[in-house]
């Protein structure tokens, strides 16, 4: 009977993204005492978890130090809990963890990586067909997807409001081979193409700036108003933060979709390997410079300057590569304990005039 109950529970958990990777982390005795649950929402001192049957609210007071090694559970995490006492036994190792540099790093606070979500399968990178669209910003989100080992899908909203929506798709495809979909987020038929990634057990994170239509996409895919939506200012096409916390919604046909607050500026502690892969064309040019330590500014026979002059290399793309590499160097060292003020001043100097546009 116990094995039958365990099997039924695992079937229910499968719809929440439970897979062999997590199952291998739970021993037989733990199956008898604790329940695997997935974090579907975060609050200041509590998390909302789902056991495949029902949602439960678990308070975090005094539970972090011993059970979670001082890391607060993030949306998407799997925990083992005693539902009777509402106590967390331990957190399972995540298959992946999506992170960013914590906001407000210029306020004197310690620089650290902040979890966005855990155990994500697909990343919908949402932008819009107006002046919010930015290749440099897309490259940041694509770097995040690659670093996290998550498959990216670029979703361009408000395609119904412009005459040449395909031009925005072409701009995206000029920097990536990731699937790129044009949608009117309010129309069910328009977002139908996105459903090919909504498989049972898949968790899709929706990221993008405020006002691009993330919550509208979630609501349209769900067929109901799961998230509040807001009005976008006509002056700059920006919106206010209608989604204020990360939460996972289990859709009727099986998949889960995670909506997040709008991110005005996505700063990452990039993996250098990720940047080298994303900008392999630029790094290949470095090998053609006369000097191995070429700064690409005044040296003769510089392949980078030559490529820029011939417009073989896009100046925006090269500037963004430089900025991302600078952030990788500065923030990685700062997170590892170097002097924050030193890196604040350096990053401002290095990236002056190269803001996310």
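Does any residue of segment 36-44 turn out to be at pLDDT below 90 and either in a strand (DSSP E or B) or over 25 Å from the mean Cα position of the chain (by Cα) (or both)? Yes, the conditions are met somewhere in segment 36-44. Sub-9 Å Cβ pairs linking a first residue in segment 1-30 that is under 20 Å from residue 93 (Cβ atoms) to a second residue that is modelled with pLDDT under 75 and surrounded by 14 or more Cβ atoms within 10 Å (Cβ to Cβ), at least 6 apart or interchain, are 18/10; 23/10, ordered by first then second residue. Might you check whether a residue that is surrounded by 15 or more Cβ atoms within 10 Å (Cβ to Cβ) and at pLDDT 90 or above occurs anywhere in segment 56-65? The answer is yes; a qualifying residue exists.
The single condition among (1) touching a strand residue (DSSP E or B) at 6+ places or on another chain (Cβ under 6 Å); (2) surrounded by 20 or more Cβ atoms within 10 Å (Cβ to Cβ) that residue 113 does not satisfy is (2).
The values are calculated or read from the model by the stated rules, or taken from the named source; none is laboratory data. Quantities reported herein were computed from a predicted structural model and do not represent experimental measurements. Please note: Cβ atoms are built from the backbone with ideal geometry, for glycine as well, and neighbour counts cover all protein chains shown.
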